[in-house]
Amino acid sequence: MNLIVAADKNWGIGNRGDLLVRIPADHKMFRQETVGKVVVLGRKTMDTFPGGRPLKDRTNIVLTKNPSYQNGDAVTVHSLEELLETLKAYDSRDVYVIGGTSVYEQLLPWCDTAHVTRIDHVYEADARFPDLDRDPEWEITADSDEQYYFDLTYRFVKYERKKSFPARSLEL
């Protein structure tokens, strides 16, 4: 399973329910990675999308504790166990965890690839992603040249779980 995130120098990913910054090339990479695939997200993340609607051309699976939550054609699950059971119907290479913080934290043990846009700036952030640079289970396997958006620098970094630390299987 994959995850995809944009994080600042301190692994901040959001503030007050919104992204820290909007970088067009990051959004383009996100679309290229996820169109035609499965995205897993929390309800609060869904609420930040235009009109609070599911992303087009993707299977949206929303993890929420709200038993009455429904949103368009999104699949709604209410527990980690229900989510993992639902994900068995899909090729794990086509599943992308897209946030927010609690969903990333819950699913990180099942992910083996992380697509991270590392932003060379520190923002005020109230939402963070686990620091993969300090996690011995993860290693950088690809790193782009520096990219620029006005005066902001960033790069696309691919982390993979080391073979000696296999991700959990979807089998419970």
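List of remarks:
- Whole-angstrom gap from the stretch 58-101 to the stretch 108-172, using each part's C-alpha centre: 21
- Among the lysines of the chain, pairs at least eight places apart or on separate chains and with Cα atoms under 25 Å apart come to 24.
- Average accessible surface for the stretch 49-172: 58 Å² per residue, computed with a 1.4 Å probe over protein heavy atoms with every protein chain in place.
- Potential lengthening of the chain between Ser79 and Asn10 amounts to 21.9 nm, from the contour at 0.36 nm per residue minus the alpha-carbon distance.
- Isotropically averaged projected area of the chain, using the convex hull of Cα atoms (one quarter of hull area), nm²: 9.9
- Per residue, the chain reaches -5000 deg cm²/dmol at 222 nm when only DSSP H runs of four or more residues are counted, each adding -39500 (n - 2.57).
- Summarising the label geometry, the points placed 7 Å from Cα in the beta-carbon direction at Asp151 and Ser169 lie 5.4 nm from one another.
- As a length-normalised measure over Cα pairs under 8 Å and 6 or more apart, the relative contact order of the stretch 1-154 settles at 38 percent.
- Remark on the stretch 1-77: Rg and Dmax equal 12.9, 38 Å (Cα only).
- Translational diffusion of the stretch 133-172, µm² s⁻¹ [Kirkwood Rh, Cα pairs; Stokes-Einstein; 25 °C; 0.890 mPa s]: 198
- Considering all different alpha carbon pairs of the stretch 91-131, the Kirkwood hydrodynamic radius works out to 11.8 Å.
- Direction-averaged projected area, Cα convex hull, the stretch 51-126: 6.8 nm², rounded to one decimal.
- Surface composition of the chain: carbon and sulfur atoms hold 47% of the protein heavy-atom accessible area at a 1.4 Å probe.
The values are calculated or read from the model by the stated rules, or taken from the named source; none is laboratory data. Predicted, not measured: the structure shown is a model, and the values here were computed from it. Glycine also receives a Cβ, built like all others from the backbone with ideal geometry; neighbour counts cover every protein chain displayed. Just so you know, the surface numbers come from the protein's heavy atoms only, side chains and all, with ligands and any DNA or RNA stripped out. Shrake-Rupley method; radii C 1.70, N 1.55, O 1.52, S 1.80 Å.
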